[in-house]
Amino acid sequence: MIDFGFGLSRSSAVRLDEVDLTLYRKLEKLEPGVRTCMSCGSCTATCTAGPWSGMSVRKVILDLQRERASAEGHGEVRKMLSACMLCGKCSMVCPRGINTRHLILSLCRIYEEKK
Ligand code: SF4
Ligand code: SF4
């Protein structure tokens, strides 16, 4: 094999038609507004905890939609949720009017039920 001096990372492509949306559907029932998220990132840009913890409501929602979060695991989503201070700034700037603070609480409840 020829050594080109660099490697290729694994593809991060997601087959959306094969994704297990169980967790996302549970959240959808509690917070139907999540369907209207357009991934604009306003919530992330204003997040008090973001700069030091990587917390991002936008990423939390995308991870759920792309099966990068699991109910059993202690993955990145749970780590981000634990950094949230529930200040509510993200709710105030969401152009879709999603109650992101409540969304975070609902998601924490879903994870708690799975314990
Ligand atoms: S601000 Fe609202 S619409 Fe924009 S990414 Fe965050 S939750 Fe989604
Ligand atoms: S409620 Fe949580 S996610 Fe929203 S801005 Fe405050 S710390 Fe960030």
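Pop the C-beta distance of MET38 and GLU113 into the FRET formula with R0 = 25 Å and round what comes out to the nearest 0.05. The pair MET38/GLU113 has a calculated efficiency of 0.30. Length gained on full extension, SER9 to GLU76: 22.1 nm, using 0.36 nm per residue less the C-alpha separation.
Quick check: the distance between the Cα centres of region 100-115 and region 2-32, to the nearest angstrom? Rounded to whole Å, the Cα centres lie 21 Å apart. The charge dipole of the chain, taken about its Cα centre with unit charges on the Cβ atoms of Lys, Arg (+1), Asp and Glu (-1) only, comes to about 380 debye.
Full extension of the chain between ILE2 and LEU62 gives 17.9 nm of extra length, using 0.36 nm per residue less the Cα-Cα distance. Applying both filters, DSSP loop and at most 10 other Cβ atoms within 10 Å, to the GluC sites (Glu not before Pro) of region 25-115 gives GLU72.
List the relative contact order of region 1-65 as a percent without decimals, with contacts defined as Cα pairs under 8 Å and 6+ residues apart. Taking the mean separation of contacting Cα pairs over the length of region 1-65, I get 30 percent.
For a 4.7 Å threshold on C-beta separation, the list of partnerless cysteines in the chain reads CYS37, CYS40, CYS47, CYS84, CYS87, CYS94, CYS108. Think of the chain as having a plus end and a minus end, set by charges on the Cβ of Lys, Arg, Asp and Glu; of TRP52, LEU16, LEU105, LEU105 sits farthest toward the positive end of this dipole. Our summary gives the chain a relative contact order of 31 percent, counting only alpha carbon pairs under 8 angstrom and 6 or more residues apart.
No value in this document is a laboratory result; all are computed from the given coordinates. Since the model is a prediction, treat every value here as computed from it, not as a measurement. FYI the Cβ positions are ideal-geometry reconstructions off the backbone, even for glycines, and counts take in every protein chain you see.
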